[in-house]
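Asker: The structure under discussion is supplied below as structure tokens; questions concerning it will follow.
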Amino acid sequence: MTRLGRSAPRLGTLASAAMLVSLHPPLELGAIVWVALVPWVVVVARAPTTRAAILQALWLELLVGFGWGWWLPEAVADFFSVPVSAGFVALVLNAAIHQLHWLPFAWCVRYASARTSSARGTAIVLFLLPAAYCAFDWLLPGIFQHGLGAALHDWPRLRQAAAIGGVPMLTGLVLLVNLAIAAVLRAGLERDGSGPRSRVVGVAVAAASLPFAAALLYGEHRLDELAAAHDAADRTLRVAIVQGNVEGEIKRRWSRGDLDAARQALDVYLDETRRLLASRPRPELVVWPETAYPGIYRRPENEGQARLNAFFDRFIYTSGVPVVFGAYDREERMDRRVLQNALFAVQAEPGQARTALSPSQRYVKTILFPLGETLPWSSSAGETSRFWPTARFSPGDGPAVLSIRRPQDGSIVRIGPLICYEDLFTSHVAALERLGADLLVNVSNDAWFGDRGEPRLHLIYARLRSVELGLPQVRVTNTGYSAVIHPSGEMPHVTAYGARAADLVTLSMHRPSGRTLVARWGDWFGGACAGIVVLAGAFDFVARRARRISRH
């Protein structure tokens with residue numbers, strides 16, 4: 001075999017890459033996740049050298065990166081207003097670094113393959129390898145936080161395990177099943193005169209079947225618990241969801257100071273909201289998406305913006321219901337003005353004078369999107385670079401809970417605000433639950449990515465946050481997908497992508513008794529797996545050293 005041939009991706013690597021890509025939108029062939037890694041694991045386990053194994057991991061990372069991120073060139077071109085060729089550079093860079101955990105995991109698979117000749121060794125390996133994968137995934141996260149376990153989002157019972165260990169626990173279950181199937185295949189391929197190694201096969205089947213069955217049983221129990229909480233709920237909330245589908249060009253124009261474009265964008269949301277306010281029964285909460293208000297709210301920079309602020313404040317006063325919306329804010333520093341991406345909750349007080357400003361609460365986005373909103377190498381928060389003009393935002397002070405008052409009875413609903421990228425981070429969302437949030441309100445704008453896969457993937461991760469924390473969620477985006485998400489992960493209402501939508505939905509404010517483990521400990525599973533891997537590595541090192549000493 002030529003050197004070039006030895007460096008090429010093997011058929012098993014190509015097969016696994018194709019199956020992993022098919023897990024993502026638009027295909028979403030979730031059932032394939034149980035076997036997606038089997039061909040690649042077999043290839044790596046049988047690799048002649050460690051270098052060959054890691055090379056196959058690199059091929060897998062690149063192929064999946066290109067296959068999943070095919071939409072990046074156009075998205076980058078739209079978002080940064082750069083040529084599509086620059087987007088292709090971003091695609092290559094993302095493919096090269098987005099899932100680096102495959103490389104150390106390949107080393108572990110090959111190292112462990114020599115220890116699966118016995119039933120005992122197989123049991124140990126099938127316990128440690130999923131932990132190793134989850135540990136490396138936790139230590140080397142990608143920008144978009146891909147997790148294999150997210151493919152189980154549409155499996156009602158199995159996804160409930162996310163309440164224990166988040167998406168990483170689902171990923172561990174997926175890895176375990178794949179590795180067990182690979183072990184069975186290898187046992188069949190390496191048969192001796194007496195046939196396949198039946199004890200190894202038995203251990204592999206048991207190792208995968210028992211956790212799988214346990215996850216199903218737990219899911220059944222939790223769904224029953226959630227159903228009982230739903231039946232016992234004595235409070236609902238009518239929410240007006242407004243998906244404006246405002247064109248990107250209009251947003252660019254008002255961001256450059258075009259007041260006509262600003263009024264055009266605002267009128268889209270006002271017109272749809274007025275229509276919902278005229279319905280009976282009326283909404284008790286109105287939610288608009290990220291940066292729906294066209295400008296800097298209550299900190300106008302010119303007379304035109306001041307008039308727009310006053311006009312919008314009068315609308316909120318006359319609506320009689322709380323309005324939650326995304327808008328820009330700014331803070332003045334000694335040397336410069338710094339923009340912030342914020343969410344506001346504004347509601348008029350009973351008996352408030354018509355000319356008075358309605359009380360407002362503000363949350364500033366804490367986790368900024370790398371390169372799009374902040375520069376990782378910037379020495380100062382909110383610094384604007386002439387080489388990277390989009391990175392100009394200053395982060396907030398951390399998770400916070402806002403309170404709104406239901407117009408009908410004056411009772412308080414505590415909302416946990418999330419702005420776009422933040423819903424990918426379990427620990428950040430878990431902090432909202434610990435602060436007492438009754439409801440997650442998630443505002444986003446995925447318009448820059450188009451309907452190429454990212455908006456749907458973003459919805460999937462938002463869905464899993466509700467499962468992890470046992471909280472209902474209202475998710476509103478500019479172009480879709482907006483949704484109502486129950487604590488079980490059910491989504492009874494999802495809007496179409498690329499369409500204007502204004503819907504009045506009734507949300508049951510229920511949750512199971514007691515906090516989920518994720519709500520208590522946050523994103524704990526990956527760290528725990530890392531600890532297991534370190535202990536296992538130390539034990540293996542000591543054991544091998546002891547054997548060398550005993551031989552001498």
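Asker: Mean residue ellipticity at 222 nm from the helices of the chain, using -39,500 (n - 2.57) per DSSP H segment of n ≥ 4 over the full residue count, to the nearest 500 deg cm²/dmol?
Answerer: On the way: 17 runs with 265 residues, N = 552.
Helices in the chain give a 222 nm mean residue ellipticity of -16000 deg cm²/dmol.
Asker: Also, I was wondering about something else. Three principal axis extents, largest first, for the C-alpha atoms of the chain, in Å?
Answerer: Here the spans come out as 90, 56, 41 Å, largest first.
Asker: Would you give the gap between the C-alpha center of region 484-513 and the C-alpha center of region 406-458, rounded to a whole Å?
Answerer: 12 Å
Asker: Mind giving me the nanometre distance, one decimal, between the label points for V35 and A496, set 7 Å out from Cα along Cα→Cβ?
Answerer: A separation of 3.6 nm, rounded to one decimal place.
Asker: Continuing with this model, one more query. For the chain, which cysteines have no disulfide-compatible partner, meaning no other cysteine Cβ under 4.7 Å?
Answerer: Among the cysteines of the chain, those whose Cβ sits 4.7 Å or more from every other are C108, C420.
Asker: Loop only by DSSP, 16 or fewer other Cβ within 10 Å of the Cβ. Give me the trypsin sites (Lys or Arg not before Pro) in region 1-90 that pass, ordered by residue number. Working shown, then result.
Answerer: Details: sites: R3, R6, R10, R46, R51; in loops: R10, R46.
Counting only loop positions with at most 16 other Cβ atoms within 10 Å, the trypsin sites (Lys or Arg not before Pro) in region 1-90 are R46.
Asker: To the nearest 10 degrees, how steep is helix 119-139 against the longest Cα principal axis of the chain, on a 0 to 90 scale?
Answerer: It works out to around 30 degrees.
Asker: Normalised by the number of residues in the chain, what is the relative contact order in percent for Cα pairs under 8 Å and 6+ residues apart?
Answerer: About 16 percent, as a whole number.
Asker: Rounded to the nearest 10 Å², what accessible area does Y269 have for a 1.4 Å probe in the complete protein model?
Answerer: My reading of the accessible area for Y269 is about 10 Å².
Asker: Taking every pair of distinct Cα atoms and averaging 1/r, then inverting, what Kirkwood hydrodynamic radius in Å comes out for region 1-132? Don't skip to the answer; put the middle values down first.
Answerer: On the way: mean 1/r = 0.0623 Å⁻¹.
Taking every pair of different Cα atoms in region 1-132, averaging 1/r and inverting gives 16.1 Å.
Asker: FRET efficiency for A356 and N302, Cβ-Cβ distance as r, R0 = 30 Å, nearest 0.05? Provide the component values of the computation, followed by the final result.
Answerer: Numbers: r = 23 Å, r/R0 = 0.77.
For A356 and N302, the calculated efficiency is 0.85.
Asker: Related question: Specify the angular offset, from 0 to 90 degrees and rounded to the nearest 10, of the alpha carbon long axis of helix 525-551 from the longest principal axis of the alpha carbons in the chain.
Answerer: Tilt relative to the chain: about 20 degrees.
Asker: Stretched out fully, how many nm does the piece from A114 to L27 gain, at 0.36 nm a residue minus the Cα gap?
Answerer: Values: separation 87, 0.36 × 87 = 31.32 nm, distance 3.63 nm.
Using 0.36 nm per residue and subtracting the Cα-Cα distance, I get 27.7 nm.
Asker: Going by amide H atoms built from the backbone, whose H comes under 5 Å of the H on Q243, apart from near neighbours?
Answerer: Those qualifying (amide H under 5 Å, at least 5 residues apart or on another chain) are A501, A502, D503.
Asker: Only Lys, Arg, Asp and Glu count, each charged at its Cβ (+1, +1, -1, -1), so figure out the dipole size of the chain about its Cα centre, rounded to 20 debye. Display every interim value, and only then the final one.
Answerer: Working: 57 positive and 46 negative charges, 374 e Å.
Dipole size: approximately 1800 debye.
Asker: Just the accessible area for K365, please: 1.4 Å probe, Å², rounded to the nearest 10?
Answerer: 0 Å²
Asker: Hey, another quick one. Taking 7 Å along the Cα-to-C-beta vector as the label spot, tell me the R263-A310 distance in nanometres, rounded to one decimal.
Answerer: Going by the 7 Å Cα→Cβ label model, 1.4 nm.
Asker: Let me ask another. Going 7 Å from the Cα of R337 toward and past its Cβ, which residues in region 278-304 have a backbone nitrogen under 14 Å from where you end up?
Answerer: The answer is 295-304, whose backbone nitrogens lie closer than 14 Å to the label point.
Asker: From largest accessible area down, sort T366, T291; use a 1.4 Å probe on the protein chains. If you can, show how the numbers build up before the last one.
Answerer: Working: T366 35, T291 10 Å².
From most accessible down to least: T366, T291.
Asker: Divide, for region 463-535, the radius of gyration over alpha carbons by 2.2 N^0.38 Å, where N is the residue count. It would help to have the intermediate numbers written out before the result.
Answerer: Values: Rg = 16.3 Å, N = 73, 2.2 N^0.38 = 11.2 Å.
Rounded to two decimals, the normalised Rg is 1.45.
Asker: Okay, next question. Provide the FRET efficiency to the nearest 0.05 for the T318-A213 pair, computing r from the beta carbons and using R0 = 51 Å.
Answerer: Result of the calculation: an efficiency of 0.35.
Asker: Normalise the Cα radius of gyration of region 504-546 by 2.2 N^0.38 Å (N = residues in it) and let me know the number. Present the calculation step by step, with values, prior to reporting the outcome.
Answerer: Values: Rg = 20.2 Å, N = 43, 2.2 N^0.38 = 9.2 Å.
Compactness ratio reported: 2.20.
Asker: If one takes the longest principal axis of the Cα atoms in the chain, at what angle in degrees, from 0 to 90 and to the nearest 10, does the Cα axis of helix 198-232 lie?
Answerer: The angle comes out at about 20 degrees.
Asker: Could you list which residues have their amide H under 5 Å from that of G416, counting only those 5 or more apart in sequence or on another chain, with H placed in the peptide plane?
Answerer: For G416, whose amide H was placed from the backbone, the distant partners under 5 Å are D438, L439, L440, V441.
Asker: Could you check how many percent of all C-alpha pairs in region 434-490 are farther apart than 18 Å?
Answerer: Working: 486 of 1596 pairs.
That tail contains 30 percent of the Cα-Cα pairs.
Asker: Tell me, what ³J(HN,Hα) does each residue in region 251-263 have, in order and in whole Hz, if you take phi through Karplus 6.51 cos²θ - 1.76 cosθ + 1.60 with θ = phi - 60° and put x for Gly and Pro?
Answerer: 5, 5, 5, 6, 5, 8, x, 6, 5, 5, 5, 4, 5
Asker: May I ask you to order 125-132, 533-540 by the average number of other C-beta atoms within 10 Å around their residues, highest value first? List each step's numbers first, then the result.
Answerer: Details: 125-132: 22.9, 533-540: 13.0.
For the peptides 125-132, 533-540, the packing ranking is 125-132, 533-540.
Asker: A further question on this structure: So, R0 is 60 Å and r is the distance between the beta-carbons of R551 and A233; what FRET efficiency does that work out to, to 0.05?
Answerer: Numbers: r = 67 Å, r/R0 = 1.12.
So, using R0 = 60 Å, E works out to roughly 0.35.
Asker: Taking a probe of 1.4 angstrom, what is the accessible area of W155 in Å², to the nearest 10?
Answerer: 80 Å²
The values are calculated or read from the model by the stated rules, or taken from the named source; none is laboratory data. The model shown is predicted, which means the values in this text are computed figures rather than measured ones. Note that we place each Cβ from the backbone using ideal geometry, even for glycine, and neighbour counts take in every protein chain shown. Side chains are part of the model used for accessible areas, which takes the heavy atoms of the whole protein and leaves out ligands, DNA and RNA. Shrake-Rupley method; radii C 1.70, N 1.55, O 1.52, S 1.80 Å.
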